[in-house]
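The values are calculated or read from the model by the stated rules, or taken from the named source; none is laboratory data. Predicted model only: the values in this text are computed from it and were never measured. When we count neighbours, we look across all protein chains shown, and the Cβ atoms used for this are built from the backbone with ideal geometry, even at glycine.
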Amino acid sequence: MPLEWRLAWRNVWRNPRRTGLSVAATVFAVVLVMVAVAMAAGTHEKMIEDSVRLQSGHVLVAGEDYLERRTLEQFVRFDAELEAILDETPGVRAVAPRVSSYGLVSHEDASQGVAVIGVDPEREAGVTTLAARVYQGDFLAPDGARQMVVGRRLAQSLGVGLGDEVLLYGAAYSLETAYELFRIRGVLALPDPELERRVVFISLADAQEFYVFGDRVSEIALLASDSLAAPAIRDALNARLAERGAVAHTWDEVLPELEQLILLDDAGMYIMLAILVVVVGFGILNTILMAVLERTRELGVVLALGLSPGAVFRMVYLESLLLAGVGLVVGLGIALPLVLYFQAHPIPLGGDVGQVAELFGMEPVITWKLRPGNPVGSVLTILGVAVAAALYPAVKASRGRPVDALRSL
């Protein structure tokens, strides 16, 4: 073993209490960073999953300018060829075509402007959780005609219940006036009060007939394995759909407000973790600097005996790396099992916190997600701080002079 390594290892354990405190600080930082990042990743993944499973999907295929205009003019023809393209795309788990437009729902003397969504009940069940959000009655039947599912607040506003008939007015794609009677089959409890008041669901076949839309659809929602697969699916589809006048969008393009919320949450978390890491860096700096100042005479002696300043620099630098290395190994040994346990056992939320989560359409649980970049990033960050913190003490030690050792006697 090189001389610098032996001296560094001996000096690290010269003061066990101080070394233990420094290692404990590093361990605490590694555990907290990994747990916080895993919790943020799990929470954000849960937010994304709950949001895309409510309606948008991980990827949305639509006509050009659909996100900006959202009219019947921006359509896609959902034929066998397009269906084959979507099914063949790697990462696509389920496909749900829809017709999306606007109309006026009336019952007796009450009326309400609404967004009308035509869905295929069987396909929609593979992409969204709308059927599981039925508050009363049932979701649309696959073979049912002239059925409608409404939000709870809209049902209260119109004064309708299960089995009641409502009149739907709208403007067809042919610019003709469209109107038809629909029977209420179910009432949805949705997390967004405005969505409960402003949206109705009918079958895809009824919507295409009502709006004289033929085989056209407004959008096609795709479910992927997870949100990280969405960009690859979008790029693969855009390369094949350009000639059909269709464009694929990822969930963050369809739901920019959700992306902004996640970015703000990440910013707050990283600021907190940065402060923690800086505190740990100062702890390592203090430990190494105090060790150097206490050994002024010893360092002067070894320099007088012929040890080069470069060797002294390396020795002190290795001390900080050893402190950080021990802390990192112990921290990873604690953090990895802890995160994996929480990932397998989400913590349910109750009381007001759980109600707030449900208000945002999230399942009231705290989830964790361990991604490969988490331990790697945590280790590199703490190691980088340790390397930076050791620079000043190492330089100071290497610039010592034997005469300083004599003056300290």
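The condition of being of a type in the set (Val, Ile, Thr) and within 26 Å of His107 (Cβ to Cβ) holds for Val212. Looking at segment 325-337, is at least one residue surrounded by 19 or more Cβ atoms within 10 Å (Cβ to Cβ) and out of contact with any helix residue (DSSP H, G or I) (no Cβ under 6 Å at 6 or more places or on another chain)? No, because not a single residue in segment 325-337 is surrounded by 19 or more Cβ atoms within 10 Å (Cβ to Cβ) and out of contact with any helix residue (DSSP H, G or I) (no Cβ under 6 Å at 6 or more places or on another chain). The residues in segment 154-184 that are crowded, with 20+ Cβ neighbours inside 10 Å and over 22 Å from Leu72 (Cα atoms) can be counted, and the count is 6.
Given the residues Leu67, Leu72, which is the only one that is touching a strand residue (DSSP E or B) at 6+ places or on another chain (Cβ under 8 Å), modelled with pLDDT of 85 or more and outside any helix (DSSP H, G or I)?
Sole residue among the options that is touching a strand residue (DSSP E or B) at 6+ places or on another chain (Cβ under 8 Å), modelled with pLDDT of 85 or more and outside any helix (DSSP H, G or I): Leu72.
In the set (1) part of a helix (DSSP H, G or I); (2) aliphatic (A, V, I, L, M); (3) within 24 Å of Gln74 (Cα to Cα), Leu263 fails one condition alone, (3).
If I go through segment 232-258 residue by residue, how many of them are part of a helix (DSSP H, G or I), buried (at least 16 other Cβ atoms within 10 Å of the Cβ) and not β-branched (Val, Ile, Thr)?
Pass one, segment 232-258, residues part of a helix (DSSP H, G or I): 232-244, 251-254, 256-258.
Imposing the further condition that a residue be buried (at least 16 other Cβ atoms within 10 Å of the Cβ) reduces the set to 233-234, 236-237, 241, 251-254, 258.
Adding the requirement that they be not β-branched (Val, Ile, Thr) leaves 234, 236-237, 241, 251-253, 258.
So the answer is 8.
Give segment 1-46 a look and list any residue that's acidic (Asp, Glu) and without any contact (Cβ under 8 Å) to a residue 40 or more places away in the chain, or say none. Result: no residue meets the conditions.
For segment 133-153, a residue qualifies if it is surrounded by fewer than 19 Cβ atoms within 10 Å (Cβ to Cβ) and either over 17 Å from Gln55 (Cα atoms) or more than 28 Å from the chain's Cα centre (by Cα) (or both), and the qualifying residues are Tyr135, Gln136, Gly137, Asp138, Ala141, Pro142, Asp143, Gly144, Ala145, Arg146, Arg152.
This table checks each residue for (1) of a type in the set (A, V, I, L, M, F, W, C); (2) within 23 Å of Ala62 (Cβ to Cβ); (3) touching an Asp or Glu at 6+ places or on another chain (Cβ under 7 Å).
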| site | (1), (2), (3) |
| --- | --- |
| Gly137 | no, no, no |
| Arg152 | no, no, yes |
| Asp164 | no, no, no |
| Glu176 | no, no, no |
| Arg185 | no, no, yes |
| Phe201 | yes, yes, no |
| Gln208 | no, yes, no |
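Of the residues making up segment 175-185, at least one is part of a strand (DSSP E or B), acidic (Asp, Glu) and more than 28 Å from Asp65 (Cβ to Cβ). Once segment 104-132 is narrowed to residues that are surrounded by fewer than 22 Cβ atoms within 10 Å (Cβ to Cβ) and either at positive phi or assigned to a helix (DSSP H, G or I) (or both), the residue that is nearest to the chain's Cα centre (by Cα) is Gly126.
With respect to (1) closer than 17 Å to Arg185 by Cα; (2) touching a residue at least 60 places away in the same chain (Cβ under 8 Å); (3) in a strand (DSSP E or B), the lone exception for Leu140 is condition (3). In segment 114-135, the residue that is nearest to Gly57 (Cα to Cα) out of those that are free of Cβ contacts under 8 Å to residues at least 60 places away in the same chain and aliphatic (A, V, I, L, M) is Ala125.
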